[in-house]
Each structure stands twice: as structure tokens, then as C-alpha cells.
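Quick notes on the structure that follows.
The values are calculated or read from the model by the stated rules, or taken from the named source; none is laboratory data. Because the structure is predicted, anything quoted here is derived from the model rather than measured. Positions of Cβ are generated from backbone atoms using ideal geometry, with glycine treated the same way; all protein chains shown enter the neighbour counts.
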Amino acid sequence: MKTIKSRLRKLADRHGTPLFIIDHDAIRRNYRHFKKHLPLVQVYYAVKANSNQEIIKTLFDEGCSFDVASYNEFMQVYEYIKHFGKRVKDFYIWDKIIFSNTIKDRQTLQKIKKYRPLVTYDNYDELDKIRRYCPTAGLVLRLKVPDIGSQVEMSSKFGLEPGEAMQLIRRSFDVGLIVEGLSFHVGSQCANFDNYTNALQIAAGIFNEARQAGYAMKIVDIGGGFPVAYNEGVPRLERLGRIINSECLRLFPADIELIAEPGRFMVANAATLVTEIIGRARRDGKLFYHVNDGVYHTFSGVVYDHWIPNFYAFKKGAKEVCAVVGPTCDSFDKISVSEELPGNLKPGDYLYTKNIGAYSIASSTTFNGFEGAKILHLHR
């Protein structure tokens, strides 16, 4: 720990703060760990978790596929294949990129039409839109599944009721489109593994019924939600991998293509943030540390991702329960009001935050004119 602190302090002294440090070796380890425990699954990194271009490049070089939600995210991946020959490029786009946003505007569909993309959908209006503006697409029908206990639920906004699935599949083929498979998402940071088993059973029932009806579907997309070990209480991927591997072998034909869309799992533990205390005050008896980053910036996950922040001091001292707040003039910009930190810290001292790689800089803003953290890449 002393070595880590010393290194972080030196990097902050050299590069300034706030400093967002991305360790690409950690990203590679996460990708390989996922592949080890889910060997049957093709990994599509969910770019939305952290869309930093260097992260995409690292995963591209590892052989990863990509889950994109917009044309801009698609173009971030396309940057690395644009020099390929047409046949190789077309195959890459078909085999390694999925547009997993179930609702796409017509302009996006028109732009991606020439690429013959794989896209998700979950309703009749979206089917009609795809038919009109991107009839070259292969379709993946997203199902509504249980997401009980997940950190961020998904089912209230996405997914078709399973009982309506066969009717929409038939309609899709009737209008000349091809449904390649099914997808679901059990909610982000899912620690309730029953969600996966229930979702797989739901998907298998529909998948097998569709095949019996003559629709040669082949893809099952098990989505994201793979939990990051933010603390010791989080169940591990090793156990989930055993569950998913066993259930998929039991429930589906041997010729299916399994894909997944991990985002958080790939990047959450790959980044550390160093912030600087820029002010301190006692308010109603509680010590407030004002730092040069906040919920409008790298700590945006506190708001949008229900993420619980953490702070560690470089100095030692008697600890007390403190508040850590951001630099903006909005009173909403409170990162945490219950951090145990030394009470002797002063302006100019540093704090650091671990496991902040997912849903942090991805949703950072420039509110109040603050530019956000400088990004430093290690082990690219």
C-alpha cells in the first residue's frame, strides 16, 4: 500500500490534479479473466461504460468485440478497421459490433445501413423504422427479464414482454427482416445470480419455440450486469461463470452463438482518481473537505450509477466522519457526507479514490466551467 500511495503522489505532483489514472494492464486482465470463466461467450465491450479511445484500442488489440449505442460510439470502433479490405471490414462489423440500443433515430439507421449491422429492437414501431431506414440489418429481439437486486435496473425502460415475443418475431420475418436471435439484460452490477438463471430460462423457451416454428435464430445475447468486486460481499465471476456455462449447455442447442456485453466489469477497477483538497470548513460541527472534482465531473457515477464513492488519504491522523464535496457552486455537488478521514488534512493535500473506471468520466460534464480530470494512461 505504501508503494501504491508513493506512486500516486508522484504522479499527482508531476501531472497535477484531478488526475484520472487508467491502468491498461488491469483492463487486459479483466478481459482475459472473463474469457477464462465464460469460454463459450464472445465478449462485446459496452463502450458506454467508459468510451475513452485508448480503452477501446486496448480491447480491440485483445480481440474484443463491441457493444455500441450510437453512431459516434460505432465510429470510435470503426477507427481501427477503416483500413481493412471491404470483405474483412464487412465481416468485422457483422461479427464484432452490435447496436444494443433498442431505440435508434432514423438518421442513425440511415448512416449504418451500408454496414449491414446487427441491431436490437423490442417493439413494432422500431421494427417498422428499421424496415424503412435500415433493411440490411440483422435483428436481435430484446426481452424483458427480472432485474431484482441489481444496482441499476433496466426492465422499466427496455425489453419486450416474453409473452409477446413470438408474435413480434413472426411479424419481423413477414416484413422481410431476419431475427438473428434474442437478448436480455439483468440489470447493471447484478449480484443476484437468480436473475441470470431466470432470464436464460425465459430466453430458451422463446428461442426453442422460434426454431420449432422454422425461424433459424442463432444468437443469444446475455447482456451485461457482471458484478465488479467493489467489496468482499460481491459474488465473484467464477461462480457466475459456472452457472451460465451449465445453464446454456442445458437449455440451448449446441450450435448457438453466445455473446455478452460487459462494460463495468472491464474497466471499473482499472482506474484510480487523485483529487486535491482545495478548502475545508466546519459546518454544523462536521468537517467538510472541498476537493477539485465532483458529481458533475468524475464522480458523476454517484448520481447516474448509484455508485458508492470511496476516499483514502495519503496522510495519517485521527479519523472523523467528514463530508467530501465538489468544487462547483451547486449545493447538490456533495460526493459523500459520511467518509472517515483524518481530521488534520489541509488545502493542498491529496485524496485518492479506487475502482472509479466505470460510469465516471463517461458522464462527466463541464458544468460551472470546470474541465474535469486529466487522464493518464499506464501500460498502454
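Just wondering, is there one or more residues in the range 231-250 that are surrounded by 15 or more Cβ atoms within 10 Å (Cβ to Cβ) and outside any helix (DSSP H, G or I)?
no
Give all pairs with beta carbons closer than 8 Å in which a residue from the range 1-21 that is more than 17 Å from Glu371 (Cβ to Cβ) and modelled with pLDDT under 95 meets a residue that is among the hydrophobic types (A, V, I, L, M, F, W, C) and surrounded by 13 or more Cβ atoms within 10 Å (Cβ to Cβ); count only pairs at least 6 apart in sequence or on separate chains.
Lys5/Phe314
Looking at Glu180, Glu261 in this structure, which one is within 20 Å of Gly138 (Cβ to Cβ), touching a Phe, Trp or Tyr at 6+ places or on another chain (Cβ under 6 Å), at pLDDT 95 or above and buried (at least 19 other Cβ atoms within 10 Å of the Cβ)? Before you say what the answer is, go through the steps one by one.
Details: Glu180 fails: touching a Phe, Trp or Tyr at 6+ places or on another chain (Cβ under 6 Å).
Unique residue meeting the criteria: Glu261.
Hey, any hits in the range 167-178 for a residue that's among the hydrophobic types (A, V, I, L, M, F, W, C) and touching an Asp or Glu at 6+ places or on another chain (Cβ under 7 Å)? Show your work before the answer.
We begin by selecting, within the range 167-178, every residue among the hydrophobic types (A, V, I, L, M, F, W, C); these are 168-169, 173, 175, 177-178.
Among the residues that remain, those that are also touching an Asp or Glu at 6+ places or on another chain (Cβ under 7 Å) are: none.
No - not one qualifying residue is present in the range 167-178.
Filter the range 86-109 down to the residues that are without any contact (Cβ under 8 Å) to a residue 24 or more places away in the chain and aliphatic (A, V, I, L, M), then identify the one that is surrounded by the most Cβ atoms within 10 Å (Cβ to Cβ).
Among them, the one singled out is Ile103.
Could you tell me which residue of the range 59-68 is surrounded by the fewest Cβ atoms within 10 Å (Cβ to Cβ), considering only residues that are under 19 Å from Thr120 (Cα atoms) and not β-branched (Val, Ile, Thr)? Give the derivation first.
Initially, the range 59-68 is screened for residues under 19 Å from Thr120 (Cα atoms), giving 65-68.
Those still in the list that are not β-branched (Val, Ile, Thr) too: 65-67.
Values: Ser65: 19, Phe66: 25, Asp67: 28.
Here the residue is Ser65.
Within the range 69-85, track down each residue that is buried (at least 18 other Cβ atoms within 10 Å of the Cβ) and part of a loop (DSSP other than H, G, I, E, B).
Ala69
Filter the range 187-207 for residues that are among the hydrophobic types (A, V, I, L, M, F, W, C) and under 23 Å from Met166 (Cα atoms) and give the result.
Taking the range 187-207 first, the residues among the hydrophobic types (A, V, I, L, M, F, W, C) are 190-191, 193, 199-200, 202-204, 206-207.
Result: Ala199, Leu200, Ile202, Ala203, Ala204, Ile206, Phe207.
Filter the range 104-124 down to the residues that are more than 25 Å from Gly205 (Cβ to Cβ) and either assigned to a loop (DSSP other than H, G, I, E, B) or not hydrophobic (A, V, I, L, M, F, W, C) (or both) and list them by number.
Of everything in the range 104-124, those that are more than 25 Å from Gly205 (Cβ to Cβ) and either assigned to a loop (DSSP other than H, G, I, E, B) or not hydrophobic (A, V, I, L, M, F, W, C) (or both) turn out to be Lys104, Asp105, Arg106, Gln107, Thr108, Gln110, Lys111, Lys113, Lys114, Tyr115, Arg116, Pro117.
Among the residues of the range 262-287, count how many are among the polar types (S, T, N, Q) and in a helix (DSSP H, G or I). Lay out the reasoning, then the answer.
Initial filter on the range 262-287 (among the polar types (S, T, N, Q)): 269, 272, 275.
Those left that are additionally in a helix (DSSP H, G or I): 269.
Of the residues in the range 262-287, 1 are among the polar types (S, T, N, Q) and in a helix (DSSP H, G or I).
I'd like to verify a number: residues in the range 241-273 that are touching an Asp or Glu at 6+ places or on another chain (Cβ under 9 Å) and of a type in the set (Val, Ile, Thr), how many?
Qualifying residue count for the region: 2.
Is it fair to say Thr102 is of a type in the set (S, T, N, Q), at pLDDT 95 or above and closer than 18 Å to Ser188 by Cα? Reasoning before the result, please.
On the way: of a type in the set (S, T, N, Q): yes; at pLDDT 95 or above: yes; closer than 18 Å to Ser188 by Cα: yes.
So Thr102 fits the description; yes.
Would you mind finding the one in Gly224, Gly163, Gly176 that is within 27 Å of the chain's Cα centre (by Cα) and either farther than 10 Å from Val145 by Cβ or touching a residue at least 40 places away in the same chain (Cβ under 8 Å) (or both)? Steps first, answer last, please.
Details: Gly163 fails: within 27 Å of the chain's Cα centre (by Cα); Gly176 fails: within 27 Å of the chain's Cα centre (by Cα).
Result of the check over Gly224, Gly163, Gly176: Gly224.
So Thr17 clears everything in (1) surrounded by 13 or more Cβ atoms within 10 Å (Cβ to Cβ); (2) farther than 22 Å from Ser360 by Cα except one condition, right? Which one?
(2)
When the range 295-331 is examined, which residues are found to be among the hydrophobic types (A, V, I, L, M, F, W, C), surrounded by fewer than 20 Cβ atoms within 10 Å (Cβ to Cβ) and within 18 Å of Ile278 (Cβ to Cβ)?
Phe311, Phe314, Ala323, Cys329
Conditions first: (1) within 16 Å of Leu351 (Cβ to Cβ); (2) out of contact with any strand residue (DSSP E or B) (no Cβ under 6 Å at 6 or more places or on another chain); (3) basic (Lys, Arg). Arg282 passes all but one, so which condition is the exception?
It is condition (1) that Arg282 fails.
Considering only residues that are small (Gly, Ala, Ser), at positive phi and either surrounded by 19 or more Cβ atoms within 10 Å (Cβ to Cβ) or assigned to a loop (DSSP other than H, G, I, E, B) (or both), which ones fall in the range 332-380? Quick ask: steps written out before the conclusion?
Narrowing the range 332-380 to residues small (Gly, Ala, Ser): 336, 338, 343, 348, 357-358, 360, 362-364, 369, 372-373.
Within this subset, residues satisfying the condition of being at positive phi are 348, 369, 372.
Result: Gly348, Gly372.
If we scan the range 211-219, do we find a residue that is outside any loop (DSSP other than H, G, I, E, B), within 19 Å of Glu164 (Cβ to Cβ) and over 15 Å from the mean Cα position of the chain (by Cα)?
Applying the first criterion (outside any loop (DSSP other than H, G, I, E, B)) to the range 211-219 yields 211-212, 219.
Filter once more, keeping what is within 19 Å of Glu164 (Cβ to Cβ): 211-212.
Checking the rest, the ones that are also over 15 Å from the mean Cα position of the chain (by Cα) come to 211-212.
So far as the range 211-219 goes, yes, one or more of its residues are outside any loop (DSSP other than H, G, I, E, B), within 19 Å of Glu164 (Cβ to Cβ) and over 15 Å from the mean Cα position of the chain (by Cα).
Out of curiosity, is Asp194 among the charged types (D, E, K, R), under 21 Å from Gly241 (Cα atoms) and surrounded by 17 or more Cβ atoms within 10 Å (Cβ to Cβ)?
In short, no.
Which one is nearest to the chain's Cα centre (by Cα) among residues in the range 27-54 that are surrounded by 19 or more Cβ atoms within 10 Å (Cβ to Cβ) and of a type in the set (A, V, I, L, M, F, W, C)?
Checked the range 27-54; the qualifying residue nearest to the chain's Cα centre (by Cα) is Ala49.
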